[in-house]
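Enquirer: Take this structure first; my questions come after.
Since every read-out is calculated from the coordinates, none of them should be taken as a lab result. Keep in mind that this is a model prediction, so the values were computed, not measured. Heads up, the Cβs are rebuilt from the backbone with ideal geometry, glycines too, and the neighbour counts pull from every protein chain shown.
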Amino acid sequence: MRRKLVAGNWKMHGGLARNRDLLDSLVQAMGKGGSADCAVCVPFPYLGQTQELLKSTAIAWGAQTLSEHAQGAYTGEVSAAMLVDFGCRYVLVGHSERRSLYGESNEAVAAKFVAAVKGGVTPILCLGETLEQREGNITEKVIAAQLDAVTQAAGVSGLANAVIAYEPVWAIGTGRTATPQQAQDVHAFIRERLAASDALLAQRMQILYGGSVKPQNAAELFGMADIDGGLIGGASLVAQDFLAICRAAG
Ligand code: PGA
């Protein structure tokens, strides 16, 4: 049985006072752990605060992107080692907003993935197709290209300490969720593609679903055979909603 993971993606939201309220509520309700793992991916400036509030709890934390470089003249960038300094267990890699708004290609995402693995931070690799691609019946082709770029750069064994998140772009922040079956089909495709290189790794891989997950739809999504938890945007900013989603995974 794969353990379920629910990871929050705060995106560019937060503030010291608001974060404290949110994190305190999470710690009170599930700081001692539960049957599913739980994590929050926060903006860089709040990593110190998050570490302070979560360090002796069962809730993990992480960042939303990282540099592909280890160090150097890369103004504004943040390395894997810096994330480790702040206790990050996870880092999102290749979120669709990074791909579409900041021009991160499959190759750039793969380089960041490799940097995270080398640096000792678990990458949560985000994959997903746009509405146009889904309607053009090229979902599997798009997902395969995104995944293959990473397996080529990292080697399939490089995925042993990684998590995958399937996030259809058309479902992110739109209120439009993939049906459990639509999500399951893509999750199964991802697992089969990994299994072609390494059956055991494929079987162990946690594949999260993301895109308008809410308390009302979480249990049904998490009940699908290949859905191992969720990557939660909007609902991760509301303590009661995020907690309800975590409970649905447990
Ligand atoms: P959403 O975002 O839950 O608000 O749709 C998910 C994500 O972008 O990770």
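Enquirer: Out of segment 20-53, which residues are in contact with a Phe, Trp or Tyr (Cβ under 6 Å, 6 or more places away or on another chain), surrounded by 20 or more Cβ atoms within 10 Å (Cβ to Cβ) and more than 19 Å from GLU167 (Cα to Cα)?
Expert: LEU47, THR50, listed by residue number.
Enquirer: If a residue has to be closer than 27 Å to GLY250 by Cα and either surrounded by fewer than 20 Cβ atoms within 10 Å (Cβ to Cβ) or of a type in the set (Lys, Arg) (or both) to count, how many in segment 55-79 make the cut?
Expert: Count: 5.
Enquirer: Identify all residues within segment 167-177 that are buried (at least 20 other Cβ atoms within 10 Å of the Cβ) and either small (Gly, Ala, Ser) or within 17 Å of SER236 (Cα to Cα) (or both); write none if there are none.
Expert: GLU167, ALA171, ILE172, THR177, listed by residue number.
Enquirer: Determine which single condition MET12 fails, assuming it passes every other condition in (1) surrounded by 15 or more Cβ atoms within 10 Å (Cβ to Cβ); (2) within 16 Å of the ligand (Cβ to nearest atom); (3) over 17 Å from VAL121 (Cβ atoms).
Expert: (1)
Conditions (1) charged (D, E, K, R); (2) touching an Asp or Glu at 6+ places or on another chain (Cβ under 8 Å); (3) in contact (Cβ under 8 Å) with a residue 40 or more places away in the chain, marked per residue:
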{"position": "GLY173", "(1), (2), (3)": "no, no, yes"}
{"position": "GLN181", "(1), (2), (3)": "no, no, yes"}
{"position": "ALA195", "(1), (2), (3)": "no, no, no"}
{"position": "ALA202", "(1), (2), (3)": "no, yes, no"}
{"position": "LEU208", "(1), (2), (3)": "no, yes, yes"}
{"position": "GLY211", "(1), (2), (3)": "no, yes, yes"}
{"position": "LYS214", "(1), (2), (3)": "yes, yes, no"}
{"position": "ALA219", "(1), (2), (3)": "no, no, no"}
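Enquirer: With the condition kept exactly as written, say whether any residue in segment 102-115 is under 22 Å from LEU5 (Cα atoms) and in contact with a helix residue (DSSP H, G or I) (Cβ under 6 Å, 6 or more places away or on another chain).
Expert: Yes: one or more hits.
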